[in-house]
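So the structure is just underneath, and the comments pick up after that.
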Ligand code: AMP
């Protein structure tokens with residue numbers, strides 16, 4: 001594995017690989033890697049000749065007062081995990097390489113960015129869409145692998161790539177979980193031991209909501225209330241939202257039908273955790 005810090009260096013390596021007939025798989029991350037990230041790299045390696053992973057904590061996608069400065073970092077450990085997963089190029093640009101000047105050009109995706117995470121974090125998805133557009137432009141033609149853990153992010157990135165005709169195929173991969181159901185996340189490190197014990201309530205609530213729909217519930221308010229009750233029964237949990245939406249449009253179907261996604265955001269002390277599950281009816 002080669003570690004590259006410059007845009008020009010990365011482009012040169014990837015152009016050479018493609019000129020030799022190789023396909024490129026791309027896994028963008030913010031580092032502090034866990035098995036969820038590794039699963040994306042493993043999948044990318046299975047599908048492509050060369051895998052590039054980026055590690056960049058993108059300031060544009062953090063709002064004022066969020067955890068940009070506290071975001072965990074461990075480049076030595078990340079390098080070992082990426083190399084073990086078959087990554088060929090690790091792109092670790094310094095902030096000044098990605099943003100040498102104040103950014104005047106931003107990308108924002110209407111509609112799919114508006115509800116849920118977009119409502120809770122108003123500048124977040126424009127920050128994500130801007131950095132991913134930039135990374136797609138740097139990496140060039142590739143397949144790019146994203147985790148369903150950030151379900152709305154995939155919808156935003158897919159639409160952005162389509163609208164801008166970027167030569168990238170977006171591939172969605174399943175969420176990896178701890179044995180007790182907690183979705184793996186770099187932010188789980190913020191949890192105290194008591195909060196860590198309480199955190200699987202998010203997945204339990206989502207599954208209960210999905211089970212209710214499976215058993216015939218068609219009223220979105222009833223599903224929302226059921227999930228909220230379960231989460232609010234946990235004293236260490238502070239509910240941000242728990243919602244059920246159409247998995248493509250993010251609108252709330254009334255009555256519930258089709259391909260649905262249940263999504264929640266919950267705070268435990270310093271940590272804000274998100275998770276989601278799918279159900280069809
Ligand atoms: P992050 O470093 O948190 O920005 O995540 C980088 C990529 O890894 C995103 O596509 C995430 O959706 C994905 N990811 C994060 N957590 C998980 C997980 N538990 N399972 C699968 N993919 C994940």
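Quick note: the coordinates plus some simple rules give every number you see, no bench work behind them. In this text the structure is predicted, and so the values were computed from the model without any measurement. Every residue, glycine as well, gets a Cβ built from its backbone with ideal geometry; the counts of neighbours run over all protein chains shown.
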Take the residues in the stretch 80-111 that are in a helix (DSSP H, G or I) and touching a residue at least 40 places away in the same chain (Cβ under 8 Å); name whichever of them is surrounded by the fewest Cβ atoms within 10 Å (Cβ to Cβ). 84
Note: among 212, 221, 251, just one is free of Cβ contacts under 8 Å to residues at least 24 places away in the same chain and in a loop (DSSP other than H, G, I, E, B), namely 251
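Residue-by-condition table, conditions (1) farther than 26 Å from residue 77 by Cα; (2) in a loop (DSSP other than H, G, I, E, B); (3) touching a residue at least 24 places away in the same chain (Cβ under 8 Å):
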{"residue": "132", "(1), (2), (3)": "no, no, yes"}
{"residue": "136", "(1), (2), (3)": "no, no, yes"}
{"residue": "152", "(1), (2), (3)": "yes, no, yes"}
{"residue": "179", "(1), (2), (3)": "no, yes, no"}
Just checking, how many residues over the stretch 47-72 are part of a loop (DSSP other than H, G, I, E, B) and farther than 18 Å from residue 128 by Cα? 4
Would you call residue 77 touching a strand residue (DSSP E or B) at 6+ places or on another chain (Cβ under 6 Å), surrounded by fewer than 20 Cβ atoms within 10 Å (Cβ to Cβ) and outside any loop (DSSP other than H, G, I, E, B)? no
Pick from 140, 181, 147: which is within 16 Å of the ligand (Cβ to nearest atom) and at positive phi? 181
Residue count, the stretch 17-43, condition within 11 Å of the ligand (Cβ to nearest atom) and more than 15 Å from residue 175 (Cα to Cα), comes to 5
So for the stretch 25-36 (the condition being outside any loop (DSSP other than H, G, I, E, B) and more than 23 Å from the chain's Cα centre (by Cα)), does at least one residue qualify? no
Scan of the stretch 1-25 for residues that are closer than 13 Å to residue 85 by Cα and surrounded by 19 or more Cβ atoms within 10 Å (Cβ to Cβ), ordered by number: 25
For the structure I just gave you, tell me whether residue 191 is in contact with a strand residue (DSSP E or B) (Cβ under 8 Å, 6 or more places away or on another chain), buried (at least 20 other Cβ atoms within 10 Å of the Cβ), within 22 Å of residue 251 (Cβ to Cβ) and touching a residue at least 24 places away in the same chain (Cβ under 8 Å). no
Matching residues, the stretch 211-224, being surrounded by 13 or more Cβ atoms within 10 Å (Cβ to Cβ) and more than 26 Å from the chain's Cα centre (by Cα): 212, 217, 218, 219, 222
Sort out which residues of the stretch 150-173 are away from the ligand (no atom under 13 Å from the Cβ) and closer than 17 Å to residue 40 by Cβ, and write them in order of number. 161, 168, 169
Selected residue (criterion: farthest from the ligand (Cβ to nearest atom)) from residues of the stretch 59-74 that are touching a strand residue (DSSP E or B) at 6+ places or on another chain (Cβ under 9 Å) and closer than 22 Å to residue 151 by Cα: 66
